[in-house]
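See structure below.
The values are calculated or read from the model by the stated rules, or taken from the named source; none is laboratory data. None of these values were measured; they are calculated from a predicted model. Virtual Cβ from ideal backbone geometry, glycine too; neighbours counted across all protein chains shown.
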Amino acid sequence: MAKTKKKFLSGGLGQLTIPVIAIVLLVIFNLIRDPSFFSVGISHNNDGNIVLAGNLISIINGASELAILAMGMTLVTAACGGQDISVGAAAAIAGSVFVKVLKSSPQISGGKVLLAFICACIVAMIFGSFNGTLVAIFNIQPMIATLILYTCGRSIAYWINGGATPTVSSPVINAIGSFIPGIPVPTPVLIVIAMAIVFKLLFKFTSLELFTQSVGINGSAARLNGINSTFIKLLSFIILGVCVAVAGSIGVSRLGLINHETLLLDVEMDTILAVAIGGNNLGGGKFKIGGSIIGAYVIQTLTITLYAMKVSSTDVKAYKAIVIILLVVIGSPVVKQKFGKFMSKFLENRSGKAVKGAA
Amino acid sequence: MKRFKAMAMAGVLALSLVLTACGSSGGSGSSGNSGSSGNAGTAASSSGELIKVGVVNNPPSESGYREANVNDMEAVFSEANGYELKTFYSLKNDEQLQAAQGFITEGVDYLLISAAETTGWDEVLTKAQEAGIKVFLFDRMIDVDESLYEAAVVSDMAKEGETAVQWLLDQKLDTYNVVHIQGAMGSDAQIGRTGALDAQFQAGTMNLVVQQTATWDEAEAKKIVESVINSGEDFNVIYAENDGMAKGAVAALDEAGITHGVNGKVIVMGFDCNSWALRELLAGSWNYDGQCSPFQAQIISDIIQGKRTIDSKIIINEEKGFDATTITQADIDTYGLGE
């Protein structure tokens, strides 16, 4: 018991220590503030379906796009040692393509939605490989390389839209964005779970995880060992492209409207934060996608908590910043090391005293 | 050397992308129209001579409002109507200033401006006056002396808010519990549309349930309304300062099974009169949509052609508010923005 406690206090959950502690603290804080905060109710929505409702559902549902993007971003971070800041703009492009294909004829069927999604995927993967090429082949800093798409992405989305805010309404889109009839869990949550499983299987049946880590830790050493590091980096951006297409399509489906200016606005910063809170090394190398997913939920819990406390949404960002600074500093290697040393000393002293007392 | 080559190639790649991007947002309109000005001489005109008009505006990509505004300008100041139109679109004040300077040097007859920022225009407008160019402001005011422009055709955002709030008062609800979703704080539209409602909160005729800015973001509006629903607080009015945010709010209501619109529990109010929003009104799923008219071109054209006299330098564009119970398809076709 003492051993596990010691292990936990000195960072025994590994990189997951900080995100797990953060989310536990947020939950405790909310339970003290309002014991009914996490109560989940069952209600009927306006389509007559039985659905789950409550803050907990809002958090899990609202963080879906962020969680999906964080998965892809983790991979890019690990392989390239840098972040893609164009995910929001790329999602706007993917969302625009999605809507464009849907609006090509008035009838919207399930097959057409699938086609639209595949088109969005292809476009997002092309833009992903554009970023990937700049990073992997031309060795440009990821943040600089993706700055290009970050700058022009929303203009491109505007061209595709050909208008400010095209709308699209159909039961199928509604099912993707909110609830499938008969299933009380919001569909975006199911999509997150599906994506997580896909990643899990990908890591289980391929060497992607190992290769990505080794490329991230030392690209040239990996290359000498026969790993095509250029390809791995490129691949990470293409996989992120798929995540972007999924997130963009969900974002559009939620409201049945694409606004190229506001769709997933500033999500790139939250995504990078999620990766950082997840305890991943932003300089590349070892990574845990689970950490980033928890990081995404931490950010969303924070936002919803602040909204529930009626903090003005202009101030929300400032409060978020304070909490995030704390998390990142606590999670930094320097503090972790100091804390670990302190704890082991503290525990040693105590057990020493206990032994003396017995004698 | 190889590395250098690679870097250079990437540089060119990056530059070309950025340039095309800028080209689209900044100069597409101007280049398109300089083409048409080339064959201006062939166009038939009643007076023989075309009136040269330079328009400095924000890019159509800014919003549905701007898109309609730009289209309206291009439709009214057409060659068929006896105009030669030069346009420049940018969100940046300094670029707009340069373009205005350029129009003055080129020698236009009239300069029409919707400025990105309210300051910094004194010098350019003085130069225009010296060159004998008449200046009209549209949509947005500029902080300069009244003598520097002929007239300003603008929307009175405060009046839009008052019209909407008056409509709400006319509904004669027993109690008003209002969820107020604001636009980007400090923007003209936000200040105007918030003012009238704030007055009601202070007077105590309406209760404020929550007042939050979603900075025109639909998804953010949805989150705000979700959090109100989750808190269990009662509300019967959603006052969103644009259509997109109203749509976000309605999505949250739908998921929570709260009825809205005509005969619904919650009254939904939006602004901007996008066509899709007016269709929501027609379907009875929203209650009210306030107009912010982007159509100033005809008024300015009438003044230029002497069909309208200037009584006061500031001309308030006439605007409507639409009620779900009285709106018709014809209204949507006439006043709706976009498709």
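Numerical summary
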item: Selection count where residues are polar (S, T, N, Q) and more than 9 Å from every other protein chain (Cβ to nearest Cβ), scope the range A:162-201; result: 2
item: From B:Leu173, B:Leu85, B:Leu97, residue being closer than 30 Å to B:Ala249 by Cα, at pLDDT 90 or above and among the aliphatic types (A, V, I, L, M); result: B:Leu173
item: The lone exception for A:Ile258 - which of (1) without any contact (Cβ under 8 Å) to a residue 60 or more places away in the chain; (2) over 25 Å from A:Ile18 (Cβ atoms) it fails; result: (1)
item: Test for B:Leu137: is it in contact (Cβ under 8 Å) with a residue 12 or more places away in the chain, farther than 25 Å from B:Arg193 by Cα and aliphatic (A, V, I, L, M); result: no
item: Any hit, the range A:137-146, residues being over 14 Å from A:Lys233 (Cα atoms) and facing chain B (nearest Cβ under 8 Å); result: no
item: Tally of residues being among the basic types (Lys, Arg) and either buried (at least 22 other Cβ atoms within 10 Å of the Cβ) or touching a Leu at 6+ places or on another chain (Cβ under 9 Å) (or both) across the range A:258-299; result: 1
item: Qualifying residue in the range B:197-212 (condition: more than 10 Å from chain A (Cβ to nearest Cβ), among the hydrophobic types (A, V, I, L, M, F, W, C), closer than 17 Å to B:Tyr288 by Cβ and touching a residue at least 12 places away in the same chain (Cβ under 8 Å)); result: yes
item: Residue list for the range B:284-327, filter: over 29 Å from B:Leu50 (Cα atoms) and free of Cβ contacts under 8 Å to residues at least 12 places away in the same chain; result: B:Thr326
item: Only one of A:Ser39, A:Ser58 that is part of a loop (DSSP other than H, G, I, E, B) and of a type in the set (Ser, Thr, Tyr); result: A:Ser39
item: Helices (runs of 4 or more DSSP H) lying entirely in the range B:235-328 (those with 2 or more residues that are within 13 Å of chain A (Cβ to nearest Cβ)); result: B:243-256, B:275-282
item: Subset of the range B:329-339 [touching a residue at least 12 places away in the same chain (Cβ under 8 Å) and more than 14 Å from chain A (Cβ to nearest Cβ)]; result: B:Gln329, B:Asp331, B:Tyr335
